[in-house]
Amino acid sequence: MKLYHSPGTCSEGILVLLEEIGADYDLVITDLKQAAHREPEYLRVNPKGKVPALSLGDGSVLTEFPVIAFWLARRHPEAGLLPEGLEAEIRVMELTEYIVSTLHMRGSVFAMKPQKFTADPAAREELRAQGRAVVAAGYERLTEQLGEKPCLFGSFSIADAAAFYLLSWKEGIGVPVPPALAAYEERLRARAAFGRAREASDRAAA
């Protein structure tokens, strides 16, 4: 497998999942800050011009965080990234999709990059406020789901990988993180797979 990854983006979560399952993979840095995702070479891999993209051994490519995460979890059930049973699995997928499609795309993007949508300063501030409100509500939802558990569904799942990358943007988003979520993020960062993912990203970017 080959993961196309840009440090500091949602592909961080997929990199963590690859380390959690102990996969044999190659890591290709596709730096969004350098517009590498718009280069013809990368567009041949993923015409959407986004990361993450996961190239499989047969030459096919998976895109979109929830899809890649689900595929990895189902392909490697021994890693326990999805719970057993359809109902429990669907609840993990439901929260993962909420983090990606709502808290990321409607929350953090508006909060951190309103200039992508308008040149008007007042409209930018309105978008920023809307994005922060979405994230604040999301933090409440995640805190409720977490409760007293070590991870969102008890044991580590693909939803935690999504929550991790969102929480890693907290300074840019500008919404205070509830203490329970801050402690949860620290627990995630302490996992061995997270350390290996950071090291792999640093090596590939060097």
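Bear in mind these aren't lab numbers, they're just calculated from the coordinates by the rules spelled out. This structure is a prediction, so every number in the text was calculated from the model and none was measured. Here the Cβ positions follow ideal geometry from the backbone for every residue, glycine too, while neighbour counts run over all protein chains shown.
Observations, loosely collected:
- Considering only Gly174, Met105, Leu95, the residue lying farthest towards the positive end of the dipole of segment 86-191 is Gly174, judged by Cα position with unit charges set on Cβ.
- Given (i) 1.20; (ii) 1.25; (iii) 1.01, the label whose value is Cα Rg over 2.2 N^0.38 Å derived from this model: (iii)
- Mean sequence separation of contacting Cα pairs (under 8 Å, at least six apart), scaled by the length of the chain, corresponds to a relative contact order of 24 percent.
- Paramagnetic reach from Leu56 in segment 63-96 [backbone N under 16 Å; point 7 Å along Cα→Cβ]: 63-77
- Rounded to the nearest 20 debye, the dipole magnitude of segment 86-191 is 320 debye, with +1 charges on Lys and Arg beta carbons, -1 on Asp and Glu beta carbons, and the Cα centre as origin.
- At full extension, Arg38 and Glu87 could sit 13.7 nm farther apart than now, given 0.36 nm per residue minus the alpha carbon distance.
- Spin-label pair Glu97/Ala129, simplified geometry with 7 Å Cα→Cβ offset, distance in nm: 3.2 nm
- Segment 86-191: relative contact order in percent, alpha carbon pairs under 8 Å with at least 6 residues between: 32 percent
- Computed from the Kirkwood radius of its Cα pairs, the Stokes-Einstein diffusion coefficient for segment 128-179 at 25 °C and 0.890 mPa s stands at 212 µm²/s.
- Extension gain for Glu78 to Gln145 (0.36 nm times residue separation, less C-alpha to C-alpha distance): 21.7 nm.
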